[in-house]
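The values are calculated or read from the model by the stated rules, or taken from the named source; none is laboratory data. Just so it is clear, the structure is predicted and the values come from calculations on it, not from any experiment. Cβ placement follows ideal geometry from the backbone for every residue including glycine, while neighbour counts extend to all protein chains displayed.
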Amino acid sequence: MKKNLSFVLAFSFLSPCLTRGVAINNVKDDGRTWLDSREFHQGDYDWRMMKAGDVIALAEKLSLPGFDTSNWMPAIVPGTVLNSLVYNKVYPEPYYGLNNKLESKLIPDIAEVGRDFYTYWFRTEFDIPTSFEGKYIWLQSDGINYRAEVWINGNLLSTINGMFTNDYIDITEWAKIGEKNAVAIKVLPVDMPGTTQPKKWGAPDEFRNGGNGNIGLNTTMLMSVGWDFTFMDGIRDRNTGIWKGISLYTTGKVVLRHPFVKSELNKPNYDIAYETISVEVINPSTSIDTITCLVKGEIASENIRFEKSLRILRGEELTLTYTPDEFHQLIINNPRLWWPIHKGAQNLYEVKLTAYVNSVKCDEVRTKFGIREITSNQNTPDSSRVFYVNGHRLFIRGTNWIPEAMLRHSDERTYAELRYTYQSGINLIRMWGGGIAESDYFFQLCDELGLLVWQEFWITGDTRHPRDKVAYFGNVTSTVKRIRNHPSLAYYVSSNESSEVTGIRGLLMSLDGTRGYQMQSECDGIHDGSPYKQVNPMQHYENTASPRGSRVDGFNPEYGAPTLPTVECLREMMDEKDLWPVNKEVWDYLDGNGFHLMATMYKDLVNNYGESSSIDEFAQKGQFIGAMNFKSIWEVWNYNKLDYGDRFTSGLLFWYHNSPMRQVSSHL
């Protein structure tokens with residue numbers, strides 16, 4: 001059962017299905033130097049890692065150029081500790097058979113071995129060219145889970161707290177121009193890893209998601225401790241690691257960050273747009289008292305230009321705002337509106353902002369944006385929530401997005417999954433609250449494909465709430481500033497089936513103010529979900545599919561059914577002897593501890609079409625069963641959309657869309 005699959009295959013599970021090139025990642029194409037690892041990412045940098053407890057040298061020494069890491073193992077960056085350990089064959093592939101099962105004792109769980117076991121140093125070296133001379137040099141971290149110390153050339157320059165925060169590190173004073181430089185990052189797991197509490201086989205209740213609940217005391221990916229749609233006993237390192245990119249770039253005496261474009265459209269014609277543009281201006285100097293800078297803006301496609309000067313003290317951060325009252329050119333007549341899929345074109349604009357000091361260019365930022373208005377209300381026959389885009393009522397054919405369980409991300413996978421989403425006719429993706437905030441590339445593709453996004457903020461009803469409110473709000477702030485320009489971002493929701501951290505509504509309104517908000521996923525015109533398991537397809541038409549009663553009405557945030565994967569996928573999950581006849585222990589483990597009843601109820605449903613003599617025959621019939629259920633689900637909801645059917649329905653979010661790991665209860 002210790003079989004090791006190809007690591008590349010595990011990372012690129014969907015990539016072979018691509019039929020055309022991957023769209024350019026605009027963030028990776030912005031001129032920065034990305035310190036991606038050679039391993040898996042085919043980057044230019046030799047990242048190495050070693051368990052912190054095994055490192056004898058002091059941080060001041062190991063973060064110097066030339067430090068000997070020949071006995072450290074290759075590391076995947078971006079990636080997690082466990083990803084690299086599997087890559088180096090320290091542990092077997094978790095997604096295969098019972099390799100990850102707690103009782104198998106093949107991969108140590110952090111709750112049993114302690115946080116130090118998965119605390120690691122990551123290290124690489126990089127050149128700083130002579131062209132950087134006389135400029136401010138920045139190292140930017142886009143996401144580390146959970147805490148981190150960042151050392152450059154023997155100096156501790158930053159500490160990080162929380163999975164979803166960007167960190168901007170001024171390394172100018174310590175950089176070696178024209179020479180080798182070293183970065184060493186000590187990454188620590190979540191403060192409270194929680195203990196896994198897998199429910200007993202066949203237990204009727206559905207509790208125990210999120211282990212003992214303590215994972216929620218952190219601001220992190222809650223499902224990493226276990227859930228009924230993935231491994232119930234969790235990911236062993238709780239996804240500790242440098243899970244997003246690290247980049248290097250320069251600026252002049254003034255830095256620009258977080259541009260934001262607010263669009264207000266006149267009603268009812270939506271033929272005039274009033275644009276308010278803001279940007280953060282930073283003086284990183286500690287020696288120059290005051291700087292006078294000029295910030296010029298341009299929307300080239302509309303031949304719109306504007307500029308404003310300001311004085312900024314050393315170490316000061318100010319927000320510079322351009323309003324249409326002050327700059328009439330920011331009033332756009334007959335704007336090209338952005339629309340979701342099947343409702344119109346996904347028109348995008350780009351604004352460029354450039355800072356000058358004494359006519360010398362210091363920094364430039366660009367952001368794309370769309371002009372549109374997304375609203376919602378409960379003015380419906382059953383008070384369910386209904387959404388409007390640019391004044392037009394929209395029936396939501398949505399889905400729930402679950403991140404890859406071990407954060408094995410790549411642009412190829414993101415592109416493939418979103419292309420399949422687009423082709424399926426989905427118009428809204430719910431970022432489920434126990435997951436993550438997705439990448440800039442994810443949101444870029446949603447903008448381009450017309451896929452709306454509902455964003456939740458890492459709280460669920462199964463776990464406790466973050467105990468460090470300041471850190472939680474810092475992570476929310478960093479995330480909102482990163483994603484708020486995307487026209488695809490439609491709605492904010494604090495939590496999945498829970499409540500909110502007091503103050504988040506006001507924080508979101510101050511950071512954005514252009515999108516709606518509700519406290520949790522089952523309130524304000526959105527009822528509770530279900531069904532989750534396979535049923536007779538006629539039950540969807542009869543509205544008896546859910547044990548909770550009528551669920552084909554109003555707005556349902558979770559309604560769906562599993563299906564059996566193809567036999568090719570099944571063979572990538574387990575040994576042939578466990579495939580047929582069905583080994584219930586293995587199948588249940590790869591089904592959230594049997595939550596979807598794939599080895600029992602689903603098997604019985606398949607056998608209604610005749611006993612199978614092989615896994616090939618069983619899988620083929622299972623695909624047919626799944627297709628019939630999917631067909632009936634979407635038919636009954638489409639028939640009843642808005643005012644057209646026997647019942648009023650305003651939206652369905654299918655549960656769930658993409659599988660977080662290889663599982664016998666597949667969805668996408």
Worksheet item: If D447 satisfies every condition in (1) crowded, with 19+ Cβ neighbours inside 10 Å; (2) in a loop (DSSP other than H, G, I, E, B) but one, which is the exception?
Response: (2)
Discussion item. If a residue counts only when it is exposed (fewer than 13 other Cβ atoms within 10 Å of the Cβ) and among the β-branched types (V, I, T), which strands (runs of 3 or more DSSP E) contained entirely in segment 244-330 have at least 1 such residues?
Written reply: 290-299, 317-322
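Going by what's in this entry, would L452 be described as more than 22 Å from L222 (Cα to Cα), of a type in the set (A, V, I, L, M) and free of Cβ contacts under 8 Å to residues at least 40 places away in the same chain? So that I can check it myself, show each step before the final result.
Details: more than 22 Å from L222 (Cα to Cα): yes; of a type in the set (A, V, I, L, M): yes; free of Cβ contacts under 8 Å to residues at least 40 places away in the same chain: no.
When the stated conditions are applied, L452 does not pass them.
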Worksheet item: Of the residues S70, S104, S131, which single one is under 30 Å from T250 (Cβ atoms) and more than 26 Å from the chain's Cα centre (by Cα)?
Response: S131
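Can we say A471 is under 29 Å from T196 (Cβ atoms), in a loop (DSSP other than H, G, I, E, B) and touching a residue at least 60 places away in the same chain (Cβ under 8 Å)?
On the way: under 29 Å from T196 (Cβ atoms): yes; in a loop (DSSP other than H, G, I, E, B): no; touching a residue at least 60 places away in the same chain (Cβ under 8 Å): yes.
No.
Quick check on segment 146-178: of everything there that is in a strand (DSSP E or B) and of a type in the set (A, V, I, L, M), which residue is nearest to I110 (Cα to Cα)? Even if it seems obvious, please write down each step before you answer.
To start, the set of residues in segment 146-178 that are in a strand (DSSP E or B) comprises 147-152, 155-161, 167-170.
This time we only want the ones that are of a type in the set (A, V, I, L, M), so: 148, 150, 152, 156-157, 160, 169.
Values: A148: 17, V150: 23, I152: 29, L156: 27, L157: 28, I160: 21, I169: 30 Å.
The qualifying residue nearest to I110 (Cα to Cα) is A148.
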Fill in: Members of segment 143-194 found to be farther than 19 Å from V81 by Cα, among the small types (G, A, S) and in contact (Cβ under 8 Å) with a residue 40 or more places away in the chain, listed by number
G154, A175, G178, A182
Worksheet entry | Checklist (1) farther than 19 Å from N239 by Cβ; (2) assigned to a strand (DSSP E or B) applied to I56, failing item | (2)
Practice prompt. Identify all residues within segment 503-530 that are on the phi > 0 side of the Ramachandran plot, in contact (Cβ under 8 Å) with a residue 60 or more places away in the chain and surrounded by 16 or more Cβ atoms within 10 Å (Cβ to Cβ); write none if there are none.
Written response: D524, G525
Discussion item. Quick check on T460: is it touching a residue at least 24 places away in the same chain (Cβ under 8 Å) and more than 21 Å from S224 (Cα to Cα)?
Written reply: no
Worksheet item: Would a scan of segment 246-253 turn up a residue that is among the β-branched types (V, I, T) and over 25 Å from V150 (Cα atoms)?
Response: no
Item to complete: Answer yes if at least one residue in segment 340-358 is of a type in the set (D, E), modelled with pLDDT of 95 or more and surrounded by fewer than 20 Cβ atoms within 10 Å (Cβ to Cβ), and no otherwise.
Response: yes
Worksheet item: Looking at (1) touching an Asp or Glu at 6+ places or on another chain (Cβ under 7 Å); (2) outside any strand (DSSP E or B), which is the only condition E412 fails?
Response: (1)
Worksheet item: Is there a residue being surrounded by 14 or more Cβ atoms within 10 Å (Cβ to Cβ), of a type outside the set (G, A, S), closer than 27 Å to T220 by Cα and in contact (Cβ under 8 Å) with a residue 12 or more places away in the chain anywhere in segment 59-75?
Response: yes
Worksheet item: Mind checking which residues of segment 355-379 are more than 21 Å from L489 (Cβ to Cβ) and part of a loop (DSSP other than H, G, I, E, B)?
Response: N358, S359, Q378, N379
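Test of understanding: among N400, N427, N377, which residue is buried (at least 18 other Cβ atoms within 10 Å of the Cβ), modelled with pLDDT of 95 or more and closer than 30 Å to N266 by Cα? Give the steps one after another, and end with the answer.
Working: N400 fails: closer than 30 Å to N266 by Cα; N377 fails: buried (at least 18 other Cβ atoms within 10 Å of the Cβ).
Going through N400, N427, N377 in turn, the sole match is N427.
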Practice prompt. Just name the residue that is farthest from I312 (Cα to Cα) out of those in segment 220-260 that are of a type in the set (V, I, T) and touching an Asp or Glu at 6+ places or on another chain (Cβ under 8 Å).
Written response: I246
Worksheet item: Do we have T292 as over 31 Å from the mean Cα position of the chain (by Cα) and in contact (Cβ under 8 Å) with a residue 40 or more places away in the chain here?
Response: yes
Worksheet item: Hey, among F122, F126, F117, which residue is touching a residue at least 24 places away in the same chain (Cβ under 8 Å) and outside any strand (DSSP E or B)?
Response: F117
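Return the residue satisfying two criteria in turn: it lies in segment 76-96 and is among the β-branched types (V, I, T) and in a helix (DSSP H, G or I), and of such residues it is surrounded by the fewest Cβ atoms within 10 Å (Cβ to Cβ).
Checked segment 76-96; the qualifying residue surrounded by the fewest Cβ atoms within 10 Å (Cβ to Cβ) is V86.
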Practice prompt. Say whether the condition of being part of a loop (DSSP other than H, G, I, E, B), at pLDDT 95 or above and more than 20 Å from G241 (Cα to Cα) is met by at least one residue in segment 1-22.
Written response: no
Item to complete: Could you grab me the full set of residues in segment 580-634 that are among the polar types (S, T, N, Q) and within 30 Å of G211 (Cα to Cα)?
Response: N583, N593, T600
Response to the item:
In segment 478-499, anything in a loop (DSSP other than H, G, I, E, B), over 30 Å from R336 (Cβ atoms) and either touching a His at 6+ places or on another chain (Cβ under 9 Å) or among the small types (G, A, S) (or both) is listed as S498, S499
